[in-house]
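Input: a single structure, listed below in structure tokens.
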Amino acid sequence: EIGGISLALTMQASRIPVQVPNSISIVSEPGQAVLGMPMRFQPILRILDTGGEVVNGSHHNVTLAIVGGVGCTAVSGSSVVEAYSGIATFTDIAITGYSGTVLCKFNFSMDQPPAYVLSSDFTIAFGPASLSLSVQPSPSTAGSALITQPIIKFADPTGSLLQTEQGRTVSAALVLGSGTGLTGTVSVPMLNGFATFTDLSVASVSSSTQLRFTLGSFVVDSNTFAVVE
């Protein structure tokens, strides 16, 4: 009887279908790309069997390449990722060397010829993005919050505001003036193309004070302003 149970279990297990990777599909499309910066929307893909179900046991490598765009071959970040439970998640892809409309091609290797899928096309912001001051700091009293707090704008050359990936911040520093006394919240998040400072103050008196604002490799300096007693 025990042997019969074992045989029954073996027969039942043999009827469980084995998932075989057959295709790849996109769960989250890439998008909002700015030259040289990680895309805000990073691609996520899933590996499917012949029935269109996610292959939970798949740990295949998925490779990303850029299609379209003259000279658009430079991709920084991890362009090859391993799928976990059938899901491949890219986290830090950035594109350099081209601005315009492109798409991504995703490949994964099997014993048979590789399967691939193409993303929808998306635009890489053309030309270098830049920081600028939408609102300049104004003359203020030493040790008190600046009367007019700076607002920083991140845009492409057409003036269109650019989104950044979540968590990116703009930092402020004192680059011209007496002493080094910049206080307040000196690092604020970039939201919808703007970084708004609210409580910066300069401790030292100076007739010519200047602030510098930094977002990654992007830098902009304020106009000079006076800080009085």
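Readers should treat all values here as calculations from the given coordinates under stated rules, not as data from a laboratory. Since this is a predicted model, take the numbers as computed values, not measurements. Because the Cβ atoms are built from the backbone with ideal geometry, glycine has one as well, and the counts that use them run over all protein chains shown.
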Just grab the label-to-label distance for ALA145 and THR91, each label 7 Å out from Cα along the Cβ direction, in nm (one decimal).
3.7
Hey, what's the per residue convex hull volume over the C-alpha atoms of segment 130-228, in cubic angstrom?
81
Estimate the FRET efficiency between VAL75 and ASN192 by the formula 1/(1 + (r/R0)^6), using the beta-carbon distance for r and 25 Å for R0, to the nearest 0.05.
0.40
Around ALA172: net Lys/Arg minus Asp/Glu count, Cβ-Cβ under 14 Å:
-1
Treat each spin label as a single point 7 Å out from the Cα along the C-beta direction, and report the ALA173 to PHE41 distance in nm.
3.5
Note the full-extension length gain between SER25 and TYR84 as 0.36 nm times their separation in residues minus their Cα-Cα distance, in nm to one decimal.
19.8 nm
Residue separation between SER160 and THR224 times 0.36 nm, minus their alpha-carbon distance, gives in nm 20.4 nm
Taking 0.36 nm per residue of separation and subtracting the Cα-Cα distance, what length does fully extending LEU133 through THR101 add?
8.7 nm
